[in-house]
Amino acid sequence: MARFHFVLALLALCLGAASAFMAAPARLPAAAVERAPRANTITMIRHGKRMKKLGRPADQRKAMLRSLTTEVIRHGRVRTTEARAKAVRKYVDKMIGLGKDGSLHARRQAMAFMYDKELVHALFEQAAERYEDRNGGYCRVLKDIKPRRGDAARTAVIELV
């Protein structure tokens with residue numbers, strides 16, 4: 001029985017009470033508690049910012065998306081799985097938007113993301129005139145009817161508009 005009381009006291013100590021045998025401290029009403037002023041910092045809330053993991057660790061996923069983005073811009077269309085096509089659409093639109101911007105900062109951002117530097121130069125030369133009347137949606141995802149041979153994955157074609 002003494003062991004039980006000892007364990008109970010130890011558990012209460014771990015959970016924050018001073019002792020299992022002491023009365024809990026009286027709580028102040030919520031209006032009486034003063035709150036510290038907030039610092040001049042912006043708190044980031046990530047609501048709705050989930051992304052598909054595509055069955056890979058973060059570094060491999062980023063490399064795959066960079067590679068697919070580079071190839072879509074190089075060839076105009078790429079056949080891949082449906083999930084990858086939907087994931088890479090965001091990055092292709094971002095790169096073409098940077099190409100339309102044409103500033104030095106946008107060029108450096110595109111060079112940091114894409115693997116082919118000559119392709120970045122070509123993108124910045126052609127994107128502004130090709131997509132001048134379009135404000136977004138520079139690529140489309142078309143779902144294939146037939147699944148991929150080997151693992152029957154659903155495939156899609158991502159292409160530039």
Here is a list: 80, 70. Which entry is β-branched (Val, Ile, Thr), touching a Leu at 6+ places or on another chain (Cβ under 8 Å) and not in a strand (DSSP E or B)?
70
Go through (1) touching a helix residue (DSSP H, G or I) at 6+ places or on another chain (Cβ under 8 Å); (2) at pLDDT below 95 for residue 55 and report which single condition fails.
(1)
Among the residues of region 104-134, write down those that are part of a loop (DSSP other than H, G, I, E, B) and over 21 Å from the mean Cα position of the chain (by Cα).
116, 131, 132, 133, 134
I need the full set of residues from region 125-143 which are more than 17 Å from residue 76 (Cβ to Cβ) and surrounded by 14 or more Cβ atoms within 10 Å (Cβ to Cβ), in order please.
128
Does region 63-117 hold any residues that are within 23 Å of residue 142 (Cα to Cα), small (Gly, Ala, Ser) and buried (at least 20 other Cβ atoms within 10 Å of the Cβ), and which are they?
85, 87
The lone exception for residue 40 - which of (1) surrounded by 12 or more Cβ atoms within 10 Å (Cβ to Cβ); (2) among the polar types (S, T, N, Q); (3) at pLDDT below 65 it fails
(1)
Of all residues making up region 135-161, the number that are touching a Leu at 6+ places or on another chain (Cβ under 8 Å) and either in a loop (DSSP other than H, G, I, E, B) or at positive phi (or both):
1
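The values are calculated or read from the model by the stated rules, or taken from the named source; none is laboratory data. Given the structure is predicted, the values throughout are model-derived calculations rather than measurements. Note that we place each Cβ from the backbone using ideal geometry, even for glycine, and neighbour counts take in every protein chain shown.
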